[in-house]
Every structure is written in structure tokens, then in C-alpha cells.
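In what follows, a single structure is set out as C-alpha cells and then discussed.
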């Protein structure tokens, strides 16, 4: 499904990822952990060819297609989806309007409004959010937790096969975290998607029960294991465990 | 103001009714009216809203005259494709008036725009509340000049004016692309949002047609 090969990335000449490799197969859940500045969020953004970052070498293959230099809209159409750490708001552009255009671009056909609205309402019920979210501006006037749920509303409508969650736990209370995790599990069961999660949240890791856990240090994967690696790392921390707290890379 | 729900509740402002305005109503400019300079005299005590939606002409010269106890909202959006000159004047001649002027100007690829938005709050007036808020979108780095010109000749007034000129925010473009919307549609969506943001929902929502 996703192969990141020897990826090196910089921003303003500062190297953020260096010789980064990861393989994620269909239906797998992977967790990325690591100290602040290790490159986890950079990877998430680079997978979507965020224009703020420069890819110096390596490539990203998604379902046998090289997406390294592809426009983000085309990457999305191939089935990739990202929930950023702090989703922005776009006042005045409603969720429904944005999703309708996104679907029409995907299919080349007009969206049937009645069926579309019904589907949106059903997802609102699943996520325990008010139905008026559908016609509200994107993330407009929403709390951090509501924004994350709103992003999941988009996910259910766009039906991606690969989901990137960059600290989706931030801004979520305990109950909201359970709703979000259960919702993701329900989505995964229905669509057999793969999920890449950046998190240090024990409860989320417990609820999502990842197949693989990767520790990122100095812009590359320094250790890979199963669920127990996450649990041990959370117990021991990056200082007492096998890692120190320095996640950044020197340019030397 | 009125609790208007449908487009049909709005009145088209044309040469037949410009001098016989009805209180508590919302008017949409008939664009044919705007080929000449026009003057709108607001009767004392009237609450009126005026909308000019996606005007594409090269000239605009509108003057509002407010005397006492009136409330005027004027919202306009302009899509300019050529060399154009727009002038909007508001004379506040008396007291206890409220005025809100909101504008959105899109400077298209071959545009060269000058827009003067001028308010004149006269001497010896009291308790007026005056706001101008005009924003320009200049994607092609052409000439776009918006001049906010506010003359205040009294101390007992609340008056403010604001003009911004800019481009689309990159993070919004990236966000919408990540949802699978191509650059062309992203810009259309953001432009539409920019232009319609100052109008009541029912005037701009095609689904309600």
C-alpha cells in the first residue's frame, strides 16, 4: 500500500527527515512515536507533498504509484487522507459545499443532494455531533475536539483507503477520544483501510491496538516493534528507555 | 430589519422606486440603474439595506444621504475585468444614524481598479455610528487601489474604516487540496466565499433557488 524509500526532507536547509523508510500494507495500523522534533509530523505532511517542505531524495510509493511530487489533490483522489494536528477553519465554506465539490471531482458526476445529505446526517449520528455541522463553515467556531470529529465526518464521506492521523488525540477529552477511536475502528472494519497514527497517548494506542510501532529519532525510524514496544516506551520514556530526548538532526 | 427568508422578498431598486423607498426593506440594485450617477436619499427614521451583487461594470457612482435616525447597510461585491473607477459616498447630515458599508472587490486578470469609499459625517451632528469595511482580492498583482476616505467633523461619533487587499491564504489552498479538490476549483470556491460572505445566505445560496 505505502512505501517510503530513503526519504530525505528539509525546510530552509534544515534537514528534518534523513533516509527515512517505512512500509505499510493493506489493513495495517502503524503508530509513530518519538521525541518532539524527531520528524513525525514532517512525515505526515510530506506524504501529502506539502509545499512548505523540500524533498531532497528518496520517494513515496502509494498503491504502486509514485506520489512523491504529486499535487495534494491528486494524492487525495488516490485514497489518502490526513487529519492534521490543528485543522484550520475556513469560514463561509460549508462542510457540505466542500465535500460535494470533492466528490464531484472524484467521480465526474453531480452529487445527488438527498442521498448526500442523508449520508452526512448518518455520519453525524455516528460521531455524536449535531447535524448542523453539515452546513457550518469548515471547522468554523469549533473546539479542538469538535474539529477532529469534523475531520472524521469528511473521512466517512470521502472514503479513503489510507488515513494519516497526526496527534488526533490533542484536544479530545476521554469520552471524545473513545468515540473517535471507536469510529476509526468501525471505519477500518467497513473499508479495510490502513492507518498511520502519530501519538503518545496510551489510551489511543490501547484502543487502536496497532500492528506495528515505530520509534522515530533523528529523522529516521530507529526501532520497530509491535504493540508492546509502544507500551514499554510509554512506561520508560525516551530518556530512560533506549532513546534520548533529542529528536532533531544536526546538519553536520 | 425584516425577517426575510426568500429571494422574492427582496425589492429590485430601479429608476421607478429609487425616490419612493419603503421603510424596513432590502433592495437589490438593478444593474441598469448604475450606468448613471445615482443619489439615494434616506428618509428620516428609515431602516434600509442595499445589496449590489457581483457587479461587473467599469463605473460606479453612488451617493447616500442620511439625515436623522436612519439605519443603512450597503453591501457590494464587484468582479472587475477592466480599467474601472468606483465611487461610493455617504453623507451623514444629521444625528442618530447608523451606517455599515461592506465591500468585496475581486481584481481579475486584466483589471485595473480604483475604488473610493468616502464617508462625510457633518459638523454639529451627534450620536452617529459609521463603519466602512472594504476588502480587495488581487490574485494577479494588478493595480488595485481602495481608498477609504472618512471625513469626521464632529466629536460625538463612533466611526471606523478598514481596507485590506490580499491574496488567498496558502494554508487554505493546501487544506482544500488535501480533501481532493484541484487548484481551479479551490480558487473558485474561495473566490465565491470571498464575494458572498457579506450577503444574507438566501441571496447567494443556489440550493434555495
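Condition check: more than 14 Å from every other protein chain (Cβ to nearest Cβ), in contact with a strand residue (DSSP E or B) (Cβ under 7 Å, 6 or more places away or on another chain) and crowded, with 20+ Cβ neighbours inside 10 Å. Does residue A:2 satisfy that? Full working, then the answer.
Details: more than 14 Å from every other protein chain (Cβ to nearest Cβ): yes; in contact with a strand residue (DSSP E or B) (Cβ under 7 Å, 6 or more places away or on another chain): yes; crowded, with 20+ Cβ neighbours inside 10 Å: yes.
So residue A:2 passes the test.
The single condition among (1) closer than 27 Å to residue A:37 by Cα; (2) within 12 Å of another protein chain (Cβ to nearest Cβ) that residue A:162 does not satisfy is (2). As a summary of the residue check, residue B:95 satisfies the conditions (1) assigned to a loop (DSSP other than H, G, I, E, B); (2) touching a residue at least 60 places away in the same chain (Cβ under 8 Å) except for the one numbered (2). Every listed requirement among (1) surrounded by fewer than 22 Cβ atoms within 10 Å (Cβ to Cβ); (2) closer than 17 Å to residue B:165 by Cα is met by residue B:117 save one, (1).
Of the candidates B:176, B:203, the single residue that is touching a helix residue (DSSP H, G or I) at 6+ places or on another chain (Cβ under 9 Å) and either within 11 Å of chain A (Cβ to nearest Cβ) or on the phi > 0 side of the Ramachandran plot (or both) is B:176.
Which ones in segment A:60-80 are more than 16 Å from the chain's Cα centre (by Cα) and away from chain B (no Cβ under 13 Å)?
Residues of segment A:60-80 that are more than 16 Å from the chain's Cα centre (by Cα), as a first pass: A:61, A:63-71, A:74.
A:61, A:63, A:64, A:65, A:66, A:68, A:69, listed by residue number.
For residue A:106, the conditions (1) facing another protein chain (nearest Cβ under 8 Å); (2) closer than 25 Å to residue A:188 by Cβ; (3) buried (at least 18 other Cβ atoms within 10 Å of the Cβ) all hold with the exception of (3).
Hey, does segment B:32-50 have a residue that's surrounded by 14 or more Cβ atoms within 10 Å (Cβ to Cβ), in contact with a helix residue (DSSP H, G or I) (Cβ under 8 Å, 6 or more places away or on another chain) and closer than 30 Å to residue B:126 by Cβ? No, segment B:32-50 contains no residue that is surrounded by 14 or more Cβ atoms within 10 Å (Cβ to Cβ), in contact with a helix residue (DSSP H, G or I) (Cβ under 8 Å, 6 or more places away or on another chain) and closer than 30 Å to residue B:126 by Cβ. When residues in segment A:121-151 are screened for being more than 14 Å from chain B (Cβ to nearest Cβ), part of a helix (DSSP H, G or I) and in contact (Cβ under 8 Å) with a residue 24 or more places away in the chain, 9 of them pass.
Please state which one of B:190, B:195, B:137 is within 30 Å of residue A:50 (Cα to Cα), part of a strand (DSSP E or B) and within 14 Å of chain A (Cβ to nearest Cβ). That would be B:137, the only listed residue that is within 30 Å of residue A:50 (Cα to Cα), part of a strand (DSSP E or B) and within 14 Å of chain A (Cβ to nearest Cβ).
Bear in mind these aren't lab numbers, they're just calculated from the coordinates by the rules spelled out. If you're wondering where the values come from, they're calculated on a predicted model, not measured in any experiment. Methodologically, a virtual Cβ is constructed for each residue, glycine included, from the backbone with ideal geometry; neighbour enumeration extends over all protein chains shown.
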